[in-house]
């Protein structure tokens, strides 16, 4: 656990991230910018992604409605063994913390039957309680996955492979994805091990993050430097925050960075919606043994 001395000099800085325009017709220029972002810290913004502000606002509004329900109503959709459904405050631990994370969440996976290896039918709130909730989330999930696939095409060029490399069914053509609705509350105190979300890196290929305007997300570009330096990531209207995960870092032989990040609560309610994308698990053992991208330093 990080001590107070390590934290005091690190919580007022703001990180400057690259912004990748997904509508840019010059894909190789976008790939060069994206490569540099992945070499630097693995976090960047994307714009012109095609997700309307209306859909994003509706997803956030529906998310707020769910988290505003009484706890006994939310517990009716408690997460299953496939991690689909509701997780209450303090139920998740991201680091060596005294407490769990001061957040509650709702996980939505890929739809499947109960005998599908890596998924099953999603758990949904009662439509009599939250009308239109499922339809909104399914539409947002579909759009967010479309954006991840568009980012993957630029990533492929940054990795010196064909642009459609990640389109195959075993990659992101038929991926294992989780959408997470998140609600943070309370005041964080890192010196006491109290976080909205403790320090961690994401395990998948990439995460697409939509946020509200409340600050809280921080990154640490070099986890080995003591004291750790934490920098805030600001929300930009119309843009999404993207970070690459441990899987892509491994594929690039450690050249691309899966960066440590956390969320600090400031006493305000904070909401976000993320989509975590990775290939279906049954293929991962093959990729770990055989996939290696040739990433040249710029």
For segment 95-129, what are the residues that are closer than 18 Å to residue 198 by Cα, modelled with pLDDT of 70 or more and assigned to a loop (DSSP other than H, G, I, E, B)?
-> 99, 100, 101, 102
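Within the group 172, 208, 181, which residue is buried (at least 23 other Cβ atoms within 10 Å of the Cβ), touching a residue at least 24 places away in the same chain (Cβ under 8 Å), in a helix (DSSP H, G or I) and touching a helix residue (DSSP H, G or I) at 6+ places or on another chain (Cβ under 8 Å)? Working first, answer last.
Numbers: 208 fails: in a helix (DSSP H, G or I); 181 fails: in a helix (DSSP H, G or I).
Just one listed residue meets the conditions, 172.
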Is it the case that residue 203 is surrounded by fewer than 14 Cβ atoms within 10 Å (Cβ to Cβ), under 19 Å from the mean Cα position of the chain (by Cα), under 19 Å from residue 106 (Cα atoms) and in contact (Cβ under 8 Å) with a residue 12 or more places away in the chain?
-> yes
Across segment 66-90, which residue is nearest to the chain's Cα centre (by Cα) among those that are without any contact (Cβ under 8 Å) to a residue 60 or more places away in the chain and at positive phi?
-> 85
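Filter segment 216-237 for residues that are crowded, with 17+ Cβ neighbours inside 10 Å and within 20 Å of residue 190 (Cβ to Cβ) and give the result. Walk me through it before giving the result.
Step one: list which residues in segment 216-237 are crowded, with 17+ Cβ neighbours inside 10 Å, which gives 216-221, 228-231, 233, 235.
Of everything in segment 216-237, those that are crowded, with 17+ Cβ neighbours inside 10 Å and within 20 Å of residue 190 (Cβ to Cβ) turn out to be 216, 217, 218, 219, 220, 221, 228, 229, 230, 231, 233.
Tell me yes or no: at least one residue of segment 41-56 is touching a residue at least 40 places away in the same chain (Cβ under 8 Å), in contact with a strand residue (DSSP E or B) (Cβ under 8 Å, 6 or more places away or on another chain), surrounded by 14 or more Cβ atoms within 10 Å (Cβ to Cβ) and part of a helix (DSSP H, G or I).
Initially, segment 41-56 is screened for residues touching a residue at least 40 places away in the same chain (Cβ under 8 Å), giving 41-47, 49-51, 53, 55-56.
If we keep only those that are in contact with a strand residue (DSSP E or B) (Cβ under 8 Å, 6 or more places away or on another chain) as well, we get 41-47, 49, 51, 56.
With surrounded by 14 or more Cβ atoms within 10 Å (Cβ to Cβ) added as a condition, the list becomes 41-47, 49, 51, 56.
Filter again for part of a helix (DSSP H, G or I), leaving 56.
Looking for residues that are touching a residue at least 40 places away in the same chain (Cβ under 8 Å), in contact with a strand residue (DSSP E or B) (Cβ under 8 Å, 6 or more places away or on another chain), surrounded by 14 or more Cβ atoms within 10 Å (Cβ to Cβ) and part of a helix (DSSP H, G or I), one finds at least one in segment 41-56, hence yes.
The values are calculated or read from the model by the stated rules, or taken from the named source; none is laboratory data. What you are looking at is a predicted structure, and each value in this text was computed from that prediction instead of being measured. Here Cβ is always computed from backbone atoms with ideal geometry, including for glycine, and neighbour counts include all displayed protein chains.
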